[in-house]
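Enquirer: This is the structure, below, for whatever I ask next.
The values are calculated or read from the model by the stated rules, or taken from the named source; none is laboratory data. Treat the numbers as computed from the prediction; the structure is a model and nothing was measured. Positions of Cβ are generated from backbone atoms using ideal geometry, with glycine treated the same way; all protein chains shown enter the neighbour counts.
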Amino acid sequence: MKPRELVLALRAMGLTQKQIQERTGIPQPTVSKIGLGRVNDVMSRHYLALLHAHEQAVKEATIRPAPFAWPRLHE
């Protein structure tokens, strides 16, 4: 995945730019610029941090059980 795709995927998983900053160490304004495609050359350490954060988020999503909802009998 490209850096922009990683940021967009993390955002789609419900993370805020601030949470991405906390997980990666990348400043929030830079996270925003990467997500908008305004950064042409992402530093390799930032790319690796985004990749690691994405892998962790995927693991958390697969470990966390989906919320249970009782089926509606009358709609």
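Enquirer: Would you mind stating whether Thr16 is within 10 Å of the chain's Cα centre (by Cα) and hydroxyl-bearing (Ser, Thr, Tyr)?
Expert: Values: within 10 Å of the chain's Cα centre (by Cα): yes; hydroxyl-bearing (Ser, Thr, Tyr): yes.
Yes, satisfied.
Enquirer: Where in the chain are the helices (runs of 4 or more DSSP H), entirely inside, with at least 1 residues that are among the aromatic types (Phe, Trp, Tyr) and out of contact with any Leu (no Cβ under 6 Å at 6 or more places or on another chain)?
Expert: Values: elements: 3-12, 17-24, 28-36, 44-63.
Those helices (runs of 4 or more DSSP H) span 44-63.
Enquirer: Still on this model: Mind counting the residues in the stretch 34-46 that are modelled with pLDDT of 95 or more and surrounded by 17 or more Cβ atoms within 10 Å (Cβ to Cβ)?
Expert: 3
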